[in-house]
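The values are calculated or read from the model by the stated rules, or taken from the named source; none is laboratory data. Bear in mind the structure is a predicted one, so any value in this text is a computation, not a measurement. Heads up, the Cβs are rebuilt from the backbone with ideal geometry, glycines too, and the neighbour counts pull from every protein chain shown. The area values use the complete protein model at the heavy-atom level, side chains included, leaving out ligands, DNA and RNA. Shrake-Rupley method; radii C 1.70, N 1.55, O 1.52, S 1.80 Å.
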Amino acid sequence: MCATEMLPPPPPPLLIHIVWHPNCHQASQVAEQIRSHFGTHYFENIMDGAGIPVRFQRSLDLISPDPHTVNWNAGCPIAVVVLIDMSFAEDSEWVEYLHDLSQIAERQSIVARFLPVAMQANVLDHLNIREQALRWDDWDSPDEARDQRLIRELAYEFALMLRQQLHSLSLSSTDQPVLARNQEKIQVFLSHTKQDGHGKEIAEAIRCWLHQNSKLSSFLDVYDIPWGADASDTIEYHVERSIFLAIQTDQYSSREWCRREVIQAKQLGVPMILVDCLQTGEERAFPYLGNVPVIRMDPDAMDRIPELASRLLDELVVDYLWRYRIATLPGRPEDTIYMARPPEPASLSAPVIDQEMRSVVVYPDPPLGNEEVQLLQAIRGGLQFQTITQWLAREST
């Protein structure tokens, strides 16, 4: 490929459209909250600094270039979030548009989800829609907390969409996605120690909150390892299929099983969050707990579990966005391995790195510092480390 011939820009891994009636001021505010979260924040390094594309549709003037109409031909998973209030439900033209969106989404060959959100009580009574609605109106909390819960619920649905599309990309043309696989709940692996006064208590509190306030399931060894099962095999199985939450209390890093779980998660490249619940400190910091997002939580108050759940889901969406983007690249050389987080000694010990053909590690922007690259090359000589932007620039020349 000549230097002047650039690779065409890939379709985004996910496209979000938000629809609401122009008379609903509250819906306008909620829509802006959704855009400000998914449009930038944690997702920009996966999406070339732009975040997930979020488009607004607040008018039926479909000729106007702004607001945008739903782009059903975007070539990527599409989520249509419809914020429904009484102004919407009582306007026959908007109700007809609502049904059109539902029917078109159902006919799409690519993954498309129609996600109605009830902004007021009783708005769904006469709409005759089949889709299960998110009940913003029914959540007993202040508006700010309801907005954050809505973002968390949407992140869960977006993760399911991306997982389904990734699954579809791996199927042959004669296969069909398995409904049971696509409906499987997203699971959080609660890695903790029972050797101090807080590890098990915090893990159980998080487990309880997740089950009562989200669709997330959890794996907690004391409850979820069947009697008579091999504990090591069971834990390894669930680490690979979960979002990993390391609950760092004072004795966590001193426990062999906790260290093994962390290293396994790093080698498998699963999404990981560290919740720092240290009280007095620890005798030896475990170096492989680094390079992941950290949330500090007072082990006595345990008041940041909702924020923790939100960040877990954001990390999962980032992971799926990355996997989808890599899966849809026009060419993937056999010498290249792609990591959803910056490489580090623990991730470089993964078995896939040991294959002789591997010579380039590609990861999201921003680039590692020179001192980090030098250290990694001293550990694994011969490897090159490039951000996705650097790698795409190299491939286009």
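Quick notes on this structure:
- The range 359-396, residues that are at pLDDT below 90 and small (Gly, Ala, Ser): Ser359, Gly381, Gly382, Ala393, Ser396
- Selection of the range 333-344 for residues being within 23 Å of the chain's Cα centre (by Cα) and of a type outside the set (Ser, Thr, Tyr) yields Ile337, Met339, Ala340, Arg341, Pro342, Pro343, Glu344.
- Residue within the range 284-292 that is in a loop (DSSP other than H, G, I, E, B) and at pLDDT 95 or above present: no
- Matching residues in the range 323-366 - criterion: being farther than 29 Å from Pro77 by Cβ and of a type in the set (Lys, Arg): Arg358
- Flag if Asp250 is touching a Cys at 6+ places or on another chain (Cβ under 9 Å) and either open to solvent by less than 60 Å² (accessible area, probe 1.4 Å) or without any contact (Cβ under 8 Å) to a residue 12 or more places away in the chain (or both): yes
- Any chance Val352 is of a type in the set (A, V, I, L, M, F, W, C) and under 30 Å from Ala145 (Cβ atoms): no
- Matching option when the condition is under 17 Å from Gln183 (Cα atoms), in contact (Cβ under 8 Å) with a residue 60 or more places away in the chain and touching a Phe, Trp or Tyr at 6+ places or on another chain (Cβ under 8 Å), among Leu162, Leu150: Leu162
- Pairs with Cβ under 6 Å, 6+ apart, first in the range 301-315 and under 15 Å from Ile202 (Cβ atoms), second at pLDDT 95 or above and assigned to a loop (DSSP other than H, G, I, E, B): Arg304/Met297
- Conditions (1) in contact (Cβ under 8 Å) with a residue 60 or more places away in the chain; (2) buried (at least 21 other Cβ atoms within 10 Å of the Cβ); (3) under 16 Å from Met297 (Cα atoms); number of the one not met by Gln279: (2)
- Within the option set Arg259, Arg341, Arg323, being within 30 Å of Ser36 (Cα to Cα), assigned to a helix (DSSP H, G or I) and open to solvent by 20 Å² or more (accessible area, probe 1.4 Å) holds for one residue only, Arg323.
- Some residue of the range 7-25 being surrounded by 19 or more Cβ atoms within 10 Å (Cβ to Cβ), at pLDDT below 85 and at negative phi: yes
- Only one of the numbered conditions (1) in contact (Cβ under 8 Å) with a residue 40 or more places away in the chain; (2) over 18 Å from the mean Cα position of the chain (by Cα) is violated by Glu157, and that is (2).
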